[in-house]
Number of protein chains: 2
Amino acid sequence: MKIVIIGGVAGGASAAARARRLNEKAEIIVFERGLHPSFANCGLPYYVGGKIEARAKLLVAPIEMLRERHRLDVRIRSNVTSIDRENQSVTVQNLDSGESYSESYDKLVIATGASPFRPPIPGIDGSRLLALRDLHDADRLHDLATSSATRAVVVGAGFVGIEIAENLQRRGLHVTVVELCDQILPPWDQEMILPVDAHLRKQGVDVRLEESATSFSEDESGLTVQLHSGKSIEADFAVVCIGVRPESALASEAGIECGPRGGIITNEHMQTNDSNIYAVGDVAQVRCFISNNPTQIPLAGPANRQGRIAADHMSGRSSTYRGTQGSAIVGIFDMTAAMTGLSEKQLQRSGTSYEKIYIHPSDHAGYYPGAAGMTLKLIFAPESGMILGAQAVGTTGVDKRIDVIAMAIQAGMTVYDLEEAELCYAPQYGHAKDPVNMAGFVASDVLRGDQPIVHIADLQSRHNAGDQLIDVRTPPEFAAGHIPGSISIPLESLRGRLDELSTNRPITTYCKVGQRGYLAAKLLNQYGYHASNLSGGYKLWSNVSIRPDISS
Amino acid sequence: MKIVIIGGVAGGASAAARARRLNEKAEIIVFERGLHPSFANCGLPYYVGGKIEARAKLLVAPIEMLRERHRLDVRIRSNVTSIDRENQSVTVQNLDSGESYSESYDKLVIATGASPFRPPIPGIDGSRLLALRDLHDADRLHDLATSSATRAVVVGAGFVGIEIAENLQRRGLHVTVVELCDQILPPWDQEMILPVDAHLRKQGVDVRLEESATSFSEDESGLTVQLHSGKSIEADFAVVCIGVRPESALASEAGIECGPRGGIITNEHMQTNDSNIYAVGDVAQVRCFISNNPTQIPLAGPANRQGRIAADHMSGRSSTYRGTQGSAIVGIFDMTAAMTGLSEKQLQRSGTSYEKIYIHPSDHAGYYPGAAGMTLKLIFAPESGMILGAQAVGTTGVDKRIDVIAMAIQAGMTVYDLEEAELCYAPQYGHAKDPVNMAGFVASDVLRGDQPIVHIADLQSRHNAGDQLIDVRTPPEFAAGHIPGSISIPLESLRGRLDELSTNRPITTYCKVGQRGYLAAKLLNQYGYHASNLSGGYKLWSNVSIRPDISS
Ligand SMILES: Cc1cc2nc3c(=O)[nH]c(=O)nc-3n(C[C@H](O)[C@H](O)[C@H](O)COP(=O)(O)OP(=O)(O)OC[C@H]3O[C@@H](n4cnc5c(N)ncnc54)[C@H](O)[C@@H]3O)c2cc1C
Ligand SMILES: Cc1cc2nc3c(=O)[nH]c(=O)nc-3n(C[C@H](O)[C@H](O)[C@H](O)COP(=O)(O)OP(=O)(O)OC[C@H]3O[C@@H](n4cnc5c(N)ncnc54)[C@H](O)[C@@H]3O)c2cc1C
Ligand SMILES: CC(C)(COP(=O)(O)OP(=O)(O)OC[C@H]1O[C@@H](n2cnc3c(N)ncnc32)[C@H](O)[C@@H]1OP(=O)(O)O)[C@@H](O)C(=O)NCCC(=O)NCCS
Ligand SMILES: CC(C)(COP(=O)(O)OP(=O)(O)OC[C@H]1O[C@@H](n2cnc3c(N)ncnc32)[C@H](O)[C@@H]1OP(=O)(O)O)[C@@H](O)C(=O)NCCC(=O)NCCS
């Protein structure tokens, strides 16, 4: 058996290493265009920013290890230029000598990843414009960040853009982020990410939303980024991070089928339409685990596991990939945003019906020092209660809750199952009713009709319809800020002031996070009123409504 | 509807609050013997040690809140002395006035918890002997810890004992822990907890295993704890933490059925054999979620959720408790030990067949600063791969992995499902192949026959049978310490030195953590050898074999 792998990093190296374990006798050749296989793409921004000091740390599996330990024939600076499916061979160009040769295969793995998209904007090829994909890019950025450069522009506020912005800022540069969308970190829902946006600005990053670069011009002294709004920014360099595109040209030229967004179409064994050819990682189009729709989510976990599955399958095993569910996380200075499953946006786009709830728990018991708040959003099917997605933003403990819910999604669990979750509890780690339980309680209450809820987006129409909006927080909380049009009836005195309310008009209750609002609505409904609770409470409302100054 | 609840803390207060939400009109009386309902039992040790400074923080839901917010008739200093099932009433003694009265109920919830066991040892009632259950105990201990006391003995090294030991030590006392078992934290398996034991000793705690107190004698100047071994310890006071016993006398006297360990027998709705009477929390015997056997696991999460379920059921809902799976966690200075599901010990005791694997991953990517090691043990059914239990010991990230696996256990998942878990990854939070995936890979490899393993307990018999024990680490690693009888053949040179090995005798390979040992065994087997890998590697072996000095 002769296995050829194109691309020697996350998906490719994982496939190669696993193929070796399963088959000591196979001939396994890995072609890597760059100088280094198996490097830590995900660490690059932190090397630029100095969090990771030693460059050598980025070489996860140095080439000698791949050769000696896994007996892999790793050929670096080797660019595969074409695939000849008929003859089962590839053409490879040695980038040092310039010479090309062909290499046959029994099984081929395409693990070429995805390359940063470079939009066709005037000046895009200038020397002061960078991207960040590999060590070479990282070296250049590292040099710039530690040189006399003082101002940088990051185009694109996806997770790579935000990580780069943070790390350049950490080096003391003044950083401007330009993003076309009306929010940073577009995979998350906007209301969840607004606090992150505010946090980023507080750290001194200049964030420009609904803005784009229309041209770049440079001279010895620097770069001018011309913006769609007519404004312009002077900088020493810019990093373009507006997403990636599957490196699938090689495949499509060989007649391997690709999807509309360029990803190589794969089946559950990671095979392409040519059964001897597999595609894994960022170059592959896979299924979304939840919707079963085609998807491309360029993340390292899926790439690694897909590589392992392709190796299994070519070795005669029936391993399957269950689809990608979109578990992702990003650190933003000391904040964390994590998500799993589908976002509300995605569900809206696909016209899928859903319900959602918000809670604002602390990561661990409030009575133990250091408890830090988070906002957790749970999205679920309104009939079955099946969990469709979750997002959380905060500092500590965010990753844990999203990972737990990721597991629940994998298991096809419902919000009722979250009510029953038995997680570890001691006061420095969580709560006797963990945020995961709490999200389950609230969502289940909603589905059982125990907790009718109103969303912020409905407030206006309810107001127009004559809704009574009741703030059940304490008078000092009310005085410090409240939703316009609301009246103050603290929960503790509500039972004595029922006669101030009308049973004819619907009531919306709210408190800071949603819990007292729920208690208020719950009791009102038992006295014959028609009350619903504002999900997410004043906290979410003020995040969304009293937006930080996010216009440029 | 008139609901009476005996005990006003975790299970009782949760039942009361939920019952109120479901039924605004019910009469709900909560009898609590102590001065405070709804306090943070789990925070008491940290108040003693000063981590939690303000005592008021321990009052999670002050009595006024329970009265005003939930309209609960909370009666403190009210001891329920008997239950009259025929007349559906309880007798209550007002501990301030000394007077007794009776109160009728439609539904009764027994949430009396469990009290610290006081063994019948001479001197056990002395004034220098304390326990830790409630605020009163905590106040006494707090006073002692901040007085002129300098030496304390903690009898019992369960989680409460260890937490108290840590906190007294934090206050500068010299602490001796006396434990009858041959390990601290008996719910965990011994090999997992040895590093915690060593850590505790390193902090200066004097741990005495396989030792017990046989008598206590005291005078003005102090306390002498006489030990089984003949030794004795002088101290200012002792805290007895040798487990708890359900406070079920009240129930059993009323003919409510209790199990052999004293817990009130409950059905899936938390009902006792009297359908109007529920029992929740530490006083209740429930089912083990995994084995379905009766169990009593005194933890706050289950108590809270059981209270909620009892309230549901008496309000006409069909909520059920799915059983307790034993998710538990304890902090030991800066270490963490967590577990979920059954331990190996429990499985051995019940004669259930199981397989297990160990890995030693870091909490996040090694190339990102601050990565901290942990040991993760996964226990699973040898046929189906069903996950039976997991334990982890380390510092950061331990709680997350055990919670994720707890969710997998709840879902009835197998080790094959862990291979497919899609958890959030960025280098400061985890790995592209998360420890949970890695545990799944290794366990699945074992079940599929890809990774034959040997356990430490088998080493001797394999050695006797003429096994070849190969250390595949590097020569410097070998030189720094190795398993007696092993020969050194580094993985990287193994392929070239195959002729040094015999195909007739079984081979055990090992490395530091198990990964290189696996690679070695995997390739050897493909050359016709009969090789297995030592699960957990040299790291686990040295924890177990080069035990810290744990004899007293
Ligand atoms: C800056 C940055 C930060 C990231 N952070 C995270 C994170 O925190 N978490 C996360 O999950 N993901 C992160 N990612 C994404 C993650 O790195 C990718 O999803 C993952 O590496 C994809 O693996 P892959 O094997 O498909 O592609 P890659 O790892 O990109 O490897 C593809 C390789 O193929 C080579 N190649 C391409 N074409 C050819 C050819 N024709 N011939 C020879 N070689 C070729 C390329 O040189 C490249 O080295 C990050 C990515 C970047 C760039
Ligand atoms: C020091 C300590 C630390 C702990 N740490 C943790 C931890 O980190 N994690 C964890 O999960 N669990 C922990 N626990 C266990 C947890 O506190 C219990 O599992 C939980 O409180 C049990 O709830 P419960 O309602 O059954 O009993 P309790 O919370 O004990 O409440 C029972 C109440 O009933 C009252 N009562 C009893 N009999 C009568 C009567 N006849 N009349 C009137 N009132 C009566 C008692 O006064 C008591 O207040 C800890 C316990 C202690 C003591
Ligand atoms: C480094 C690299 C080549 C490793 O590939 P790999 O050998 O498949 O993966 P790992 O080193 O994680 O090892 C996993 C294997 O070791 C086994 N293993 C791990 N720990 C073990 C232990 N303690 N005992 C026994 N086996 C163990 C696993 O079961 C698995 O083997 P399997 O797939 O046959 O079941 C590849 O992951 C890579 O190139 N990574 C860097 C690039 C990258 O991922 N970038 C994106 C993220 S920054
Ligand atoms: C304080 C105590 C009385 C609270 O009981 P409780 O009201 O049932 O519990 P919580 O305060 O956690 O609130 C949970 C309720 O609020 C709801 N809720 C929480 N956050 C919400 C939000 N943001 N929006 C809407 N509803 C919310 C939940 O759905 C749940 O209601 P439900 O059970 O009707 O579904 C009880 O837990 C207690 O006494 N605790 C201290 C003792 C203890 O547990 N000790 C051991 C651990 S130290």
### Query
Which of the residues spanning segment B:157-183 are part of a helix (DSSP H, G or I) and either within 14 Å of chain A (Cβ to nearest Cβ) or within 24 Å of B:S229 (Cα to Cα) (or both)?
B:F159, B:V160, B:G161, B:I162, B:E163, B:I164, B:A165, B:E166, B:N167, B:R170
### Query
Is there a residue being of a type in the set (D, E, K, R), surrounded by 19 or more Cβ atoms within 10 Å (Cβ to Cβ) and touching a Ser or Thr at 6+ places or on another chain (Cβ under 8 Å) anywhere in segment B:332-353?
no
### Task
Filter segment B:294-310 down to the residues that are small (G, A, S) and within 12 Å of another protein chain (Cβ to nearest Cβ), then identify the one that is farthest from the chain's Cα centre (by Cα).
B:G307
### Condition met for B:I332 (within 16 Å of ligand 3 (Cβ to nearest atom), closer than 30 Å to B:Y538 by Cβ and out of contact with any Gly (no Cβ under 6 Å at 6 or more places or on another chain))
no
### Message
For segment B:114-133, give me each residue that is within 16 Å of ligand 4 (Cβ to nearest atom) and in a strand (DSSP E or B).
### Response
B:A114, B:S115, B:P116
### Message
What are the pairs with Cβ atoms under 7 angstrom where one residue, in segment B:9-35, is touching a residue at least 40 places away in the same chain (Cβ under 8 Å) and the other, located anywhere, is among the polar types (S, T, N, Q) and assigned to a loop (DSSP other than H, G, I, E, B)? Sequence gap at least six, or different chains.
### Response
B:V9/B:S38; B:A13/B:S38; B:A19/B:S315; B:L22/B:S315; B:N23/B:S315
### Task
Take segment A:12-43 and flag every residue that is within 10 Å of another protein chain (Cβ to nearest Cβ) and either within 27 Å of A:I332 (Cβ to Cβ) or among the acidic types (D, E) (or both).
A:E24, A:F39, A:A40, A:N41, A:C42, A:G43
#### Entry: Near pairs, Cβ below 7 angstrom, 6+ apart or cross-chain, from segment B:120-137 (more than 27 Å from B:R55 (Cα to Cα)) to any residue that is part of a loop (DSSP other than H, G, I, E, B)
B:I124/B:R118
### Summary
Reported set for segment B:421-476 where residues are of a type in the set (D, E, K, R) and away from ligand 1 (no atom under 16 Å from the Cβ) is B:D445, B:R448, B:D450, B:D458, B:R462, B:D467, B:D471, B:R473
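Conditions (1) in contact (Cβ under 8 Å) with a residue 12 or more places away in the chain; (2) outside the structural domain of B:Y368 (by TED's automatic domain parsing); (3) surrounded by 24 or more Cβ atoms within 10 Å (Cβ to Cβ); (4) closer than 18 Å to A:R322 by Cβ, marked per residue:
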{"position": "B:G412", "(1), (2), (3), (4)": "yes, no, no, yes"}
{"position": "B:V415", "(1), (2), (3), (4)": "yes, no, yes, yes"}
{"position": "B:L418", "(1), (2), (3), (4)": "yes, no, yes, yes"}
{"position": "B:A421", "(1), (2), (3), (4)": "yes, no, yes, yes"}
{"position": "B:C424", "(1), (2), (3), (4)": "no, no, yes, yes"}
{"position": "B:Q428", "(1), (2), (3), (4)": "yes, no, no, no"}
{"position": "B:V436", "(1), (2), (3), (4)": "yes, no, yes, yes"}
{"position": "B:F441", "(1), (2), (3), (4)": "yes, no, no, yes"}
{"position": "B:S444", "(1), (2), (3), (4)": "yes, no, no, yes"}
### Query
A:L498 versus (1) in the same structural domain as A:L534 (by TED's automatic domain parsing); (2) crowded, with 20+ Cβ neighbours inside 10 Å; (3) of a type in the set (A, V, I, L, M, F, W, C); (4) assigned to a helix (DSSP H, G or I): which is the lone unmet condition?
(2)
### Summary
Selection from segment B:179-212 of residues among the hydrophobic types (A, V, I, L, M, F, W, C) and surrounded by 19 or more Cβ atoms within 10 Å (Cβ to Cβ) yields B:I184, B:L185, B:W188, B:M192, B:I193, B:L194, B:V196, B:L200, B:V205, B:V207
### Task
Give segment A:57-70 a look and list any residue that's away from ligand 3 (no atom under 11 Å from the Cβ) and more than 9 Å from every other protein chain (Cβ to nearest Cβ), or say none.
A:R67
### Residue match in segment A:229-251 (condition: without any contact (Cβ under 8 Å) to a residue 12 or more places away in the chain, part of a strand (DSSP E or B), away from chain B (no Cβ under 12 Å) and away from ligand 1 (no atom under 16 Å from the Cβ))
yes
### Query
Filtering segment B:39-89 down to residues that are free of Cβ contacts under 8 Å to residues at least 60 places away in the same chain and of a type in the set (V, I, T), which residue is farthest from ligand 1 (Cβ to nearest atom)?
B:I63
### Query
Looking at segment B:146-165, which of its residues are surrounded by fewer than 24 Cβ atoms within 10 Å (Cβ to Cβ) and within 24 Å of B:S215 (Cβ to Cβ)?
B:A149, B:T150, B:R151, B:G158
### Message
Just to be sure before I move on: is B:K539 under 16 Å from B:V442 (Cβ atoms) and assigned to a loop (DSSP other than H, G, I, E, B) in the structure I sent?
### Response
no
### Task
Could you look through segment B:320-331, keep only residues that are buried (at least 21 other Cβ atoms within 10 Å of the Cβ) and of a type in the set (S, T, Y), and pick out the one that is nearest to the other protein chains (Cβ to nearest Cβ)?
B:S327
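The values are calculated or read from the model by the stated rules, or taken from the named source; none is laboratory data. The structure displayed is predicted, hence computed values, not measured ones. Neighbour counts run over all protein chains shown; Cβ positions are idealised from the backbone, glycine included.
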